[in-house]
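Each remark here refers to the structure printed beneath this line.
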Amino acid sequence: MSSQAEFSLPPPAPDAAAHSHELAERIANAIAEEGGWIAFSRFMEHALYAPGFGYYAAGSRKIGAEGDFVTAPEISPMFARCLAMQARQVLERTGGDVLELGPGTGILAADLFSELKAHGAAPARYRLLEVSPELRERQRALIAERHPGDAGRFEWIDRLPERIDGVVIANEVLDVLPCALVHRSGGVVLERGVVVTEAGFGWEDTAIPDGELKRRANAVIPPGDYDYLTEVNLAAEALVRSVAAALGRGLALFIDYGFAQNEYYHPQRSMGTLRCHYRHRFHNDPFFLPGLQDITAHVDFTAMARAAESAGAEVMGYTTQAHFLISCGLAVLVSGGDPNMTLSRLKATSAVHRLINPSEMGELFKVLGIGRGLDSPLLGFQSARPLTL
Ligand SMILES: C[S@@+](CC[C@H](N)C(=O)[O-])C[C@H]1O[C@@H](n2cnc3c(N)ncnc32)[C@H](O)[C@@H]1O
């Protein structure tokens, strides 16, 4: 996800402001019904997914120039072309289909299918699992326009299939799943939640009941007695575990911004990674205009890998987006264009630069490959600098 740091946040149109106000009222009612406090993960769930009102459940334009952020497949088709190289290798070994989780505008699906088809490797089915009605409609329209003859091969599904063979792709999906906020304050580890104050939503920390969240919070927060705020995302782990459990023969690629645990829960990262995206600005106030902004947290890739392994899958690789794309043949794909088309070549090159530049998406974004029934090495990870999980 790419957007600029906060300078000033543009005001919403009156109907959008009314929509946000209505959602805020509903969340306030939910807080009252639950005794005056809800966990931050519940707040994030309401703000992003409340039926008809949440950011991903309602109609506003999210992705692209008129939305709130752009993602790698929107920046350059080279992203999809590289993923197609990896997908081809796996589909040749395993057969099966492609399943994309959270396909956004559908651009990755359209470009990936084109590339596979160009190599005679189009899957019989390309399944899309999308929770946002607005994005589903955009995906359907784009696929109808780009692949009219193959539209029947695209299938929208509401839940994970019981068995998945082939390739699963989730680009920037784990970061939008509701996370818990945990806070060591005054030497005690608490869960951060949301209350209603006279000034609007506010923070309140409370004791964590015995259970998985408490165990994990105590395990990840670095030793010491200084204040430390961070996230634990059990919902993201549950999604990875479900994909891993359903994987028959195949590879699932989770691409997102994040780190392994030693870097995620670094003593100096004491304010966490929560980040909100609104009209190409980012800031860290999740209470700003509920329903009109995206709320995200970086991904703890160590936890995702362990979740996959607990479901019997294997970690096939973990590396940076830059190394993955380059290992998939990015340089060859870019230089393979017509050398006389200097302008489009240049444009392609500057977009590609955003994907792999260490100060943009290249280093912060990682690719985690989990698989079952597959031999190493896989294209995207073979010459890649391996990272430790
Ligand atoms: C940040 S957008 C990324 C979109 C797209 N993958 C891209 O790279 O442009 C997050 C996507 O995940 C979808 N999403 C959110 N929660 C989901 C869930 N539990 N299962 C599947 N998709 C989900 C959103 O509706 C949206 O399409």
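We did not get these values from a lab; they are worked out from the coordinates using the rules stated. Note that the coordinates shown come from a computational prediction; the quantities given were computed from them, not determined experimentally. Because the Cβ atoms are built from the backbone with ideal geometry, glycine has one as well, and the counts that use them run over all protein chains shown.
Sorted from fewest to most neighbouring beta carbons within 10 Å, what does the list S60, S327 look like?
S60, S327
Kindly write out, for segment 239-250 in residue order, the coupling ³J(HN,Hα) from the Karplus curve 6.51 cos²θ - 1.76 cosθ + 1.60 (θ = phi - 60°), rounded to whole Hz, with x marking Gly and Pro.
Calculated HN-Hα couplings, in order: 5, 4, 5, 5, 5, 4, 5, 7, 5, x, 10, x Hz.
Mind listing which GluC sites (Glu not before Pro) in segment 6-63 are in a DSSP loop and have 12 or fewer other Cβ atoms within 10 Å?
Sites meeting the loop and neighbour criteria: E34.
Taking R0 as 41 Å, what's the FRET efficiency between E92 and D285 from their Cβ-Cβ distance, rounded to 0.05?
Given R0 = 41 Å and the Cβ-Cβ separation, E is 0.30.
Restricting things to alpha carbons, find the Rg to Rh ratio for segment 72-202 using the Kirkwood radius for Rh.
A ratio of 1.15.
Please state the shape class of segment 169-247: rounded when a/c is under 1.5, otherwise prolate if a/b exceeds b/c and oblate if not, all from the C-alpha gyration tensor.
oblate
For an R0 of 25 angstrom, estimate the FRET efficiency from the Cβ-Cβ distance between A17 and A141 and round to the nearest 0.05.
The computed FRET efficiency comes out at 0.35.
³J(HN,Hα) across segment 85-93 via Karplus (A = 6.51, B = -1.76, C = 1.60, θ = phi - 60°), whole Hz, x for Gly/Pro?
Listing the rounded values in order: 4, 5, 4, 4, 4, 6, 4, 5, 7 Hz.
What's the longest piece of the chain with no exposed chymotrypsin sites (Phe, Trp or Tyr not before Pro), counting a site as exposed if DSSP puts it in a loop and it has at most 13 other beta carbons within 10 Å?
8-225
Can you give the angle from 0 to 90° between the axis of helix 40-49 and the longest principal axis of the chain, with both taken from C-alpha atoms, to the nearest 10?
For 40-49 against the chain, the angle is about 50 degrees.
Could you give me the radius of gyration and the Dmax of the chain, taking only the C-alpha atoms into account and expressing both in angstrom?
My reading of the Cα-based Rg and Dmax gives 20.9, 67 Å.
Pulled fully out, how much extra length does the chain show between N29 and H266, if you take 0.36 nm times their separation in residues and subtract their Cα-Cα distance?
That works out to 81.6 nm of additional length.
Report, in degrees rounded to the nearest 10, the 0 to 90 angle that the Cα long axis of helix 14-33 makes with the longest principal axis of the chain.
Value to nearest ten degrees: 60.
Roughly how many nanometres apart are two label points built 7 Å out from the Cα toward the Cβ at D210 and A238?
2.2
Per residue of segment 186-194, in order, report the coupling 6.51 cos²θ - 1.76 cosθ + 1.60 (Karplus, θ = phi - 60°) as ³J(HN,Hα) in whole Hz, putting x for Gly and Pro.
For segment 186-194, the Karplus curve yields x, x, 10, 8, 10, 9, 8, x, 10 Hz.
How would you rank M271, M44, going from fewest to most other Cβ atoms within 10 Å of each one's own Cβ?
Sorted ascending by nearby Cβ count, the order is M271, M44.
Considering only P73, P133, P223, give the residue with the highest GNM mean-square fluctuation for the chain, with springs between Cα atoms whenever their separation is below 10 Å.
Of the options given, P223 has the highest mean-square fluctuation.
Kindly rank 142-153, 101-112 from highest to lowest mean number of other beta carbons found within 10 Å of each residue.
101-112, 142-153
Going by how many other Cβ atoms sit within 10 Å of their own, how do R241, R306 line up, fewest first?
The most exposed by this proxy come first: R306, R241.
Between A151 and E66, what is the FRET efficiency for a Förster distance of 22 Å, r being their Cβ-Cβ separation, to the nearest 0.05?
With R0 = 22 Å, the Cβ-Cβ based efficiency is 0.30.
Can you give the extra length, in nm with one decimal, that the chain gains between D227 and E360 once fully stretched, where that is 0.36 nm per residue apart less the Cα-Cα distance?
Answer, rounded to one decimal: 44.9 nm.
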